[in-house]
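The values are calculated or read from the model by the stated rules, or taken from the named source; none is laboratory data. Predicted, not measured: the structure shown is a model, and the values here were computed from it. Cβ coordinates were reconstructed from backbone atoms using ideal geometry, including for glycine residues, and neighbour counts include every protein chain displayed. Please note that ligands, DNA and RNA were not included when accessible areas were found on the heavy atoms of the full protein model with its side chains. Shrake-Rupley method; radii C 1.70, N 1.55, O 1.52, S 1.80 Å.
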Amino acid sequence: MKNKKILVVLGILLLIIIPYKLNTKVYGNDEESILKVVRSIEGYDYQSIEILAIKDIKNERVVPLLLNNNPGFIQFTKNKRGNYEWRHIEKRENQSLASFPIYLNGKESPNRKLLFVTNKDNEVAKMELDVNGQFFHKVFNIHENSVAWIDLPKQKSIEFKYKYYDKSGNLIK
């Protein structure tokens, strides 16, 4: 009788522990788990990953980062349980300033943003951006890791025309 009770208790414990152990999915719920998610993606297991910011927009999480000093970002979507599941990751090799169009799920306005990520090699001090005749200006601190955002107009097709300037105001070709 005693052995049956021990077996029943062990069986119940196994039923509780096994599903918990089998669920090894990592979510982007905090900085530590975001780093784990990035390192788990094939081709992104970098020695150096620096999270520059964590921006939550409705049910989306966008994390600008540097991967071995290369600008990039990872995007998550919140699931029904409130966990952030990895959706998209992107990087630009050998660039000190990179721009990334960010597309958000849902009908929030604006649902498209433009993300800029710079590293310490950046020498662009100012940028002018023409988006279908609408002009945006951004100022960057040179030689600093940084993040900047632009809300893009809600149009079906978008054309970008960039102009970059150094700290003296000279156009960079």
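For the range 23-165, the relative contact order is 16 percent, taking Cα pairs closer than 8 Å that sit 6 or more residues apart in sequence and dividing their mean separation by the residue count.
Surface calculation, 1.4 Å probe, protein heavy atoms: residue 48 sits at approximately 60 Å² accessible.
Any of 36/78; 36/154; 80/161; 91/126 with alpha carbons more than 28 Å apart? Name them for me. Don't skip to the end; give the middle numbers.
Values: 36/78 17 Å; 36/154 34 Å; 80/161 39 Å; 91/126 22 Å.
Violating the 28 Å Cα-Cα cut-off are 36/154; 80/161.
First measure r as the distance between the Cβ atoms of residue 56 and residue 31, then evaluate 1/(1 + (r/R0)^6) with R0 = 22 Å and state the FRET efficiency to the nearest 0.05.
On the way: r = 13 Å, r/R0 = 0.60.
That pair, residue 56 with residue 31, gives E of 0.95.
Accessible area per residue, 1.4 Å probe, Å², for the range 23-165: what's the number?
Details: 7950 Å² over 143 residues.
I get 56 Å² per residue for this part.
Selection among 137, 104, 69 by position relative to the dipole of the range 23-165 gives 104 as farthest towards the positive end (Cβ unit charges, Cα centre).
3J(HN,Hα) along the range 135-147: 9, 10, 10, 10, 10, 10, 7, 6, 6, 9, 6, 8, 9 Hz, from the Karplus curve 6.51 cos²θ - 1.76 cosθ + 1.60 with θ = phi - 60°, whole Hz, x for Gly and Pro. Applying 1/(1 + (r/R0)^6) with r as the Cβ-Cβ distance of residue 149 and residue 170 and R0 = 22 angstrom yields a FRET efficiency of 0.30. Placing unit charges on the Cβ atoms of the charged side chains and taking the dipole of the range 56-133 about its Cα centre, the candidate lying farthest along the positive direction among 125, 114, 84 is 84.
At most 10 other Cβ atoms within 10 Å and a DSSP loop assignment: could you name the trypsin sites (Lys or Arg not before Pro) in the range 52-107 that fit? Mind dumping the intermediate values first?
On the way: sites: 55, 58, 61, 78, 80, 81, 87, 91, 92, 107; in loops: 58, 80, 81, 92, 107.
Passing sites in the range 52-107 are 80, 81, 107.
Once you reduce the range 158-173 and the range 35-72 to the center of their Cα atoms, the two points are 27 Å from each other.
Measuring how big the range 23-165 is from its alpha-carbon positions, Rg and Dmax come out at 15.6, 50 Å.
Note on the range 78-155: with neighbouring protein chains present and a 1.4 Å probe, carbon and sulfur make up 44 percent of its accessible heavy-atom surface.
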